[in-house]
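Enquirer: Please see the structure below; I have some questions.
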Amino acid sequence: MHFDERKDSICLPLRTIESEIMAELLQKEINEQRQGEAYAPFAGDPNQYNKKFYIESYGCQMNFSDSEIVASILHEEGFGATRNVEDANLILINTCSIREKAEQTVRQRLTEFKKLKKNKPGTLVGVLGCMAERLKAKFLEEEKLVDIVVGPDAYRSLPGLVTEAETGQKTVNVLLSREETYADIAPVRLDSNGITAFVSIMRGCNNMCTFCVVPFTRGRERSRDAESIVNECKDLFDKGYREVTLLGQNVDSYYYSPSQTLPQGEGLKTISETDDLSIVEESEFGYETANPALYTLLKDFAKQNKHNPTKAESILWESLRAKQLGEYKFRRQHIISQYIADFICIKKQLIIEVDGKIHQHPENAESDAVRAEALKELGFEVLRFTNEEVINDLSKVLTTIESALKTREDKPLWFQDKNKKHEASPLGGGLEGAITFDKLLAMVASISPLLRVRFSTSHPKDITDDVLYTMAKYENICEYIHLPVQSGNTRILQHMNRTYTREWYLNKVKRIREIMPDCGLSTDVISGFCTETEEEHQDTLSLMEICRFDLSYMFSYSERPGTLAARRYQDDVPEDVKKRRLEEIIQLQNSHTRESFSGDIGKIFKVLIESNSKRSDKDWSGRNSQNKVVVFPKGDHGLNKGDYATVKVHASTGATLIGEVVS
């Protein structure tokens, strides 16, 4: 089956597998058949609504989950849902920036909605999600396609934005939040099968993978209140649901405590004017990152930036290091909370940013402003210069910096009493009562042995033995892990800022299979990333041979605006080479998938019945613990949706298992 992503991305299996079976296999990740789907969650609702909304969703399951939150917010404001776009007073598209195809489709749909508005004055069109932050200026002002633009962290403001837009004003809110998790909002389950549901446990991402735009569109990582997660899962179980999938960009870094704080002694950073970026045990003054793991990532990325400065950064650093501005000491690539500052004077709490062309784009101005405001809240002033200003008029730049230094007072970031070791900073404190992902899994699994638990997605650097042992302990936690590798070559992984090596990944896979020998395993692979050589491509193939994944989501690299790779690297692998490498990856994965499915013939699985088979109403369709679709005749066993069946597999099509109920 082809996913037409500039005709360069294909998802397993290839042309020989029926698309309808493949759609079942993929629905837990990016479901191509659901792209652009519109929902009517209130079908059968006896209430009469004067206003109706229409939502189309694109992208990963996180976006579909967000649409359920938006539906709940609008329902509380008196809006009813409709599948007929012509009946809607409010038309919304929940967008994705990960893939170019989705952006092209959204633009096309917005153009169609613009024509519809001409025939129905007063209709409002809004863009939600990841594209909102990046392309708001184009949508609102340049192309005049929409009335409302709302980012992933601003859905609570949607009713107010709608009210303002009804007066003829263009409205926008794409501010990223450090706290928003929508924990208190009960999502409206959109067109659900009533058996499986997705539950968001966290938002945002701290992993600065160079190819990915998510950290810039969904903001920094924050974990949802554990109690609200468990309560939502309990409510779903009471309503008849029998499977929940815990969602997050990186579920393994889930961390919650009643005070939302850090382990004592972790995250505390020195603000000395040396180049030592290590965590310190004692410091009179200091500051903390939001997550100890984030600091490690930022530290690695800061080092990369130091070794690869732009021309303008090199010029300015030479002047600052030579103390042309007096005795003021500056550091470069210094970590402040979740940010990396190009240059900083600790004593004066003055940050200097030298921006490339990417920051000059209108759609990026808002994120820069948000960053500056966040740093201002921590006591910093930010001066921003373009590359051209530094290169062409350095003396003026230095004069501006000198003037700012003279007006800034000497202030510590925050005071720490030496007699109170590791006292909490304004950003965090102790660990008491903290809940990590393994503990959350156990809490949800303990609701009932009849409630299956899945999760997505894991990061190789974060998944722990504690998580694996918890999975092995609870029979109702499914033995399936989606563990994206992206590349099998260590240099390319470093280029992607994945923060692990080939050997690390292979050892993690080995550990998974030691603890859970029958665990299903899938991955993501990117072919033709910047500077990838033929030998490095072969490393990816050899890693796949070792791991023998059940399933892979495979794409050739396509540069995305706003990513670190777009800013720093040249997309230098020819398209025909990318496509050929992708085909080789796909062919290899196809053989592994056929091997995996055929290897299940003769085995007996516990299958949760989700629906009728798409091929025949006389057959049930469900999934086993390893996330493989199993189809079997209904017979006279008295089974219903939501029941568990014991099924013996006797055949495989390559994308699904065929079996029959056994006692």
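Enquirer: Quick one: would you say T499 is of a type in the set (S, T, Y) and either touching a His at 6+ places or on another chain (Cβ under 9 Å) or assigned to a loop (DSSP other than H, G, I, E, B) (or both)?
Expert: yes
Enquirer: May I pose another question? What strands (runs of 3 or more DSSP E) lie completely within the stretch 120-212 and have 1 or more residues being touching a helix residue (DSSP H, G or I) at 6+ places or on another chain (Cβ under 9 Å) and not hydrophobic (A, V, I, L, M, F, W, C)?
Expert: It comes to 124-129, 171-173, 196-200.
Enquirer: For the condition modelled with pLDDT of 80 or more and within 22 Å of D368 (Cβ to Cβ), what is the one hit in C209, C130?
Expert: C209
Enquirer: Would you pick out the residues in the stretch 471-496 that are in a helix (DSSP H, G or I) and surrounded by fewer than 19 Cβ atoms within 10 Å (Cβ to Cβ)?
Expert: Those that are in a helix (DSSP H, G or I) and surrounded by fewer than 19 Cβ atoms within 10 Å (Cβ to Cβ): A472, K473, T490, R491, Q494.
Enquirer: Would you please name the residue that is least open to solvent (accessible area, probe 1.4 Å), looking only at residues in the stretch 497-515 that are hydroxyl-bearing (S, T, Y) and over 13 Å from N207 (Cα atoms)?
Expert: Checked the stretch 497-515; the qualifying residue least open to solvent (accessible area, probe 1.4 Å) is Y505.
Enquirer: Do you know which residues across the stretch 523-543 are buried (at least 22 other Cβ atoms within 10 Å of the Cβ) and not aromatic (F, W, Y)?
Expert: T523, V525, I526, S527, G528, E532, H537, T540
Enquirer: Further question: Against the definition (crowded, with 22+ Cβ neighbours inside 10 Å and hydrophobic (A, V, I, L, M, F, W, C)), how does V213 come out, yes or no?
Expert: When the stated conditions are applied, V213 passes them.
Enquirer: Where residues in the stretch 627-663 are open to solvent by less than 30 Å² (accessible area, probe 1.4 Å) and touching a residue at least 60 places away in the same chain (Cβ under 8 Å), which of them is nearest to A472 (Cα to Cα)?
Expert: Per the criteria, the residue is N627.
Enquirer: Next question. Taking T270, is it at pLDDT below 75, of a type outside the set (D, E), open to solvent by less than 50 Å² (accessible area, probe 1.4 Å) and farther than 19 Å from I69 by Cα?
Expert: yes
Enquirer: Here's something else I'd like to know. Restricting to the stretch 502-541, what's the tally of residues that are β-branched (V, I, T), outside any loop (DSSP other than H, G, I, E, B) and over 12 Å from S487 (Cα atoms)?
Expert: Number satisfying all stated conditions: 3.
Enquirer: Condition test on F555, is it part of a loop (DSSP other than H, G, I, E, B) and either among the hydrophobic types (A, V, I, L, M, F, W, C) or open to solvent by less than 20 Å² (accessible area, probe 1.4 Å) (or both)?
Expert: no
Enquirer: Would the stretch 482-489 turn up any residue that is hydroxyl-bearing (S, T, Y) and under 20 Å from H537 (Cβ atoms)?
Expert: Yes: one or more hits.
Enquirer: Let me ask something else. Select from the stretch 601-625 the residues that are polar (S, T, N, Q) and either assigned to a strand (DSSP E or B) or within 16 Å of T653 (Cβ to Cβ) (or both) and list them in ascending order.
Expert: S611, N612, S613, S616, S621, N624
Enquirer: Specify which of the listed residues (D87, D66) is farther than 30 Å from D550 by Cα and either at pLDDT 80 or above or not hydroxyl-bearing (S, T, Y) (or both).
Expert: Testing whether each residue is farther than 30 Å from D550 by Cα and either at pLDDT 80 or above or not hydroxyl-bearing (S, T, Y) (or both) leaves just D87.
Enquirer: Looking only at the stretch 566-590, which residues are in contact with a Phe, Trp or Tyr (Cβ under 8 Å, 6 or more places away or on another chain) and either farther than 30 Å from L135 by Cβ or surrounded by fewer than 22 Cβ atoms within 10 Å (Cβ to Cβ) (or both)?
Expert: D571, V573, Q589
The values are calculated or read from the model by the stated rules, or taken from the named source; none is laboratory data. Remember, it's a predicted structure, so these values are computed and weren't measured experimentally. So basically every Cβ, Gly included, is an ideal-geometry build from the backbone, and we count neighbours across all protein chains shown. Accessible surface is based on the protein model in full, side chains and every heavy atom, while ligands, DNA and RNA are left aside. Shrake-Rupley method; radii C 1.70, N 1.55, O 1.52, S 1.80 Å.
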